[in-house]
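Following: one structure in structure tokens, then a few remarks.
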Amino acid sequence: MPSETVGEAASRYNPAVYTAALRYRPETALPFDPAAAPVAPLLLDTTYYLHRSTGKVPQGIRALIASRQHMVHNCGVACAELAISIGLLDPADPRTATTIGAIQSHLDHMSKDKTVAPSASAWTEAAVLAGILAQTQGLATSKRALTPD
């Protein structure tokens, strides 16, 4: 049986079906009960690391992660999203050294064997979904508009 093509992943969603923008909801309207989470591996994303840096990870989430330390994985995308800041931050800004130190500390605690990366199909599917989200949220900007003449 042949494997899935990247094109099949790209055609999973029809952008014409998605026309409504997502509405903002306050965090209180987004309940999450860590005790009700199924016993399964956890994949930490960039938001987790940003919240960890600022002390905003709720106690219930910290407890959940601590209870499943053997099942905690890092996402290669999160590693890249954190690492790009090391190169992007202004070396002349007095906050840069501290920020890079915090980012480096996160990266230093991510073992390669517990870091997973998306497949080509997952990247493609995510790109289609990101495009749909950008379009419905009014964030889509054409390449022509971004490129100086």
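Values in this text are rule-based calculations from the coordinates and carry no lab data. These figures come from a predicted structure and were not determined experimentally. Cβ sites come from the backbone with ideal geometry, for glycine too, and all protein chains shown count toward neighbours.
Tell me which of Thr54, Thr98, Pro34 sits at the most positive position along the dipole axis of the chain, charges placed on C-beta atoms (Lys, Arg +1; Asp, Glu -1).
The Cα lying farthest towards the positive end belongs to Pro34.
Mind ordering 13-21, 37-45 by average Cβ neighbours within 10 Å, highest first?
On the way: 13-21: 10.1, 37-45: 11.7.
By packing density, highest mean first, the sequence is 37-45, 13-21.
Please report the net charge: other residues with Cβ closer than 14 Å to the Cβ of Leu88, K and R +1, D and E -1.
Working: positive: Arg95; negative: Glu81, Asp90, Asp93.
Once all neighbours under 14 Å are counted, the net charge is -2.
What size of dipole, in debye to the nearest 20, comes out for the chain about its Cα centre when the only charges are +1 on Lys and Arg C-beta atoms and -1 on Asp and Glu C-beta atoms? Spell out each step's value before the answer.
Details: 12 positive and 12 negative charges, 60 e Å.
With Lys and Arg at +1 and Asp and Glu at -1, about 280 debye.
Under the definition of Cα pairs under 8 Å and six or more residues apart, what whole-number percent is the relative contact order of the chain? Mind dumping the intermediate values first?
Numbers: 95 pairs, mean separation 52.8, N = 149.
Relative contact order, the chain: 35 percent.
Tell me the mean residue ellipticity at 222 nm calculated for the chain from its helices only (DSSP H runs of n ≥ 4, each -39500 (n - 2.57), averaged over every residue, nearest 500). Show your work: numbers first, answer last.
Working: 7 runs with 69 residues, N = 149.
Counting only the DSSP helices, I get -13500 deg cm²/dmol.
Show me the GluC sites (Glu not before Pro) within segment 1-68 that DSSP assigns to loop and that have at most 14 other Cβ atoms within 10 Å of their Cβ. Before the final figure, lay out the partial values.
Working: sites: Glu4, Glu8, Glu27; in loops: Glu4.
Of the GluC sites (Glu not before Pro), the ones in loops of segment 1-68 whose Cβ has at most 14 other Cβ atoms within 10 Å are Glu4.
Which of the trypsin sites (Lys or Arg not before Pro) found in segment 67-138 are loop residues per DSSP with 11 or fewer other Cβ atoms within 10 Å of their Cβ? Before the final figure, lay out the partial values.
Numbers: sites: Arg68, Arg95, Lys112, Lys114; in loops: Arg68, Arg95.
When the trypsin sites (Lys or Arg not before Pro) of segment 67-138 are filtered for loop state and at most 11 Cβ neighbours within 10 Å, Arg95 remain.
Below 13 angstrom from the Cβ of Pro58, what's the summed charge of the other residues (Lys, Arg +1; Asp, Glu -1)?
Numbers: positive: Arg52, Lys56, Arg62; negative: Glu27, Asp33.
Local charge sum for Pro58: +1.
Give me the one-decimal Kirkwood hydrodynamic radius in Å for the chain, with the sum taken over alpha-carbon pairs. Write out the running numbers ahead of the final one.
On the way: mean 1/r = 0.0534 Å⁻¹.
Hydrodynamic radius (Kirkwood, Cα only) of the chain equals 18.7 Å.
Just grab the label-to-label distance for Ala21 and Leu89, each label 7 Å out from Cα along the Cβ direction, in nm (one decimal).
The answer from the label model is 3.3 nm.
Taking the Cα centre of segment 102-149 as origin and charging only Cβ (+1 Lys, Arg; -1 Asp, Glu), how large is the dipole, in debye to the nearest 20? Each step should come with its number before you reach the end.
Working: 4 positive and 4 negative charges, 15 e Å.
It comes to approximately 80 debye.
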